[in-house]
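Taking it in order: structure first as structure tokens, then the write-up.
The values are calculated or read from the model by the stated rules, or taken from the named source; none is laboratory data. Keep in mind that this is a model prediction, so the values were computed, not measured. Note: ideal-geometry Cβ built from the backbone for every residue, glycine included; neighbour counts use all protein chains shown. All accessible areas refer to the heavy atoms of the entire protein, side chains included, with ligands and DNA or RNA removed. Shrake-Rupley method; radii C 1.70, N 1.55, O 1.52, S 1.80 Å.
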Amino acid sequence: MTIQQLKYVIGISECGSFNKAAEKLYISQPSLTSTIHDLEKELGITIFTRTGRGVTLTQEGEEFISCAKQLYLNYENIMEHYQKGNESKKKFGISTQHYSFALKSFVEMVKRFNTNEYEFAIRETKTKEVIEDVATLKSQIGILYLSDFNRNIIQKLLNSKKLEFHPLIECKAYVYLWKNHPLAKNESISFEELSDYPCLSFEQDDNDSVYFAEEILSTREYHRTIKTNDRASMLNLMVGLNGYTLCSGIISEELNGDDFIAVPFRESDKNINRIMEIGYITKKDFLMSEVGLAYIEEMKRYLQL
């Protein structure tokens with residue numbers, strides 16, 4: 001098995017077609033087909049199922065592609081350190097729950113590198129998609145949190161995807177709201193005081209939204225709820241409807257503005273303030289690139305670790 005074969009098989013999986021991959025990889029279609037046939041024969045597996053509309057990965061192929069992407073990215077990371085004059089753009093992406101510190105750290109990291117040499121991507125998305133993006137190496141790093149409530153479920157999923165969780169910081173819940181909200185001047189806020197206001201949350205998959213919710217204390221039964229899928233909409237709803245959300249308390253005024261504040265959540269016997277353990281996930285035994293290490297460094301700097 002060669003690096004070139006890995007590059008070809010990854011290209012086919014991304015294009016979904018031998019013809020399209022051949023054009024993108026600047027190789028004839030018969031040569032590409034022959035190369036993949038030799039690889040499948042060497043490995044003793046069938047990677048692709050050919051159809052009239054293109055190709056799909058077999059179950060064995062999906063497992064192989066996951067390993068192949070990691071191996072090829074590790075190869076690219078080694079070449080990044082030692083090879084000079086490579087004109088092709090290097091790719092780096094992260095996927096994250098909606099944390100302003102993750103975005104701010106990304107901004108500071110990008111400033112340290114030449115954007116002519118890199119193709120950067122940041123994806124604020126659903127919790128399951130954060131995990132899937134890292135599992136398929138669409139992103140090198142994913143940002144999410146664990147708690148005593150969701151830890152077993154999420155850790156089981158991470159293990160099945162051969163992912164590792166690296167803790168960064170622990171914190172308790174804060175109530176995040178508009179600075180002119182009627183409760184904004186409180187030293188702390190309880191659930192009872194929030195009952196007249198809508199709780200805002202980021203949309204997840206309906207079947208398991210409780211365990212994959214970004215907001216801690218997600219098992220609480222809220223009388224008023226509004227779901228959204230982006231940060232800007234949530235901030236607008238805070239202003240327009242006096243809505244609130246529960247967050248880590250780690251916010252960036254530079255990115256979100258100074259019109260929003262985080263007030264400590266006041267727990268009671270019925271509503272215990274759980275600990276959020278925020279961290280990042282990577283593939284196991286993954287050789288982190290220079291830009292990935294720089295991003296982790298920027299997160300730790302922002303969090304003052």
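Quick notes
- When the chain is treated as a GNM with alpha-carbon contacts under 10 Å, the residue of Met238, Met288, Met79 showing the greatest mean-square fluctuation is Met79.
- Cα shape, segment 67-178, gyration tensor, a/c 1.5 rule: oblate
- Amide N of segment 61-79 lying under 13 Å from the label point, which is placed 7 angstrom from the Cα of Lys162 along Cα→Cβ: 61-74
- 222 nm mean residue ellipticity, helices alone, for the chain (DSSP H n ≥ 4; -39,500 (n - 2.57); rounded to 500): -12500 deg cm²/dmol
- Summarising the amide proton neighbourhood of Thr58: residues at separation of 5 or more, or on other chains, whose placed amide H is nearer than 5 Å comprise Phe48, Thr49.
- Modelled label reach - Gln155, point 7 Å along Cα→Cβ, segment 165-186 residues with backbone N closer than 11 Å: 165
- Full extension of the segment from Ser252 to Arg50, taken as 0.36 nm per residue of separation minus the current Cα-Cα distance, would add 67.8 nm.
- Nitroxide proxy distance, nm - points 7 Å out along Cα→Cβ at Thr136 and Arg123: 0.7 nm
- Where the chain is the region considered: accessible area per residue in Å², 1.4 Å probe: 52 Å²
- Those aspartates and glutamates that a straight Cα-Cα span of less than 17 Å connects to Lys300, excepting residues fewer than 8 apart in one chain: Glu108, Glu170, Glu277, Glu290
- Highest-first arrangement of 247-254, 139-146, 92-99, 56-63, where packing means the average Cβ count within 10 Å: 139-146, 92-99, 247-254, 56-63
- Calculated diffusion of the chain, Stokes-Einstein form, Kirkwood radius summed over Cα pairs, 25 °C and 0.890 mPa s, µm²/s: 114 µm²/s
- Segment 98-242: C-alpha gyration tensor shape, a/c 1.5 cut-off, then a/b vs b/c: oblate
- Tensor-based shape of segment 1-152 (alpha-carbon gyration tensor, a/c under 1.5 rounded, otherwise prolate or oblate): oblate
- The mean sequence distance of close C-alpha pairs (under 8 Å, at least 6 residues apart), as a share of the length of segment 47-172, puts its relative contact order at 23 percent.
- Of all DSSP-defined beta bridges confined to the chain, some 65% are antiparallel rather than parallel.
- Equivalent ellipsoid of segment 173-305: semi-axes from √(5λ) of the C-alpha gyration tensor, largest first, are 28, 18, 15 Å.
- Gain upon complete extension [Cys67, Arg266; 0.36 nm per residue less C-alpha separation]: 67.0 nm
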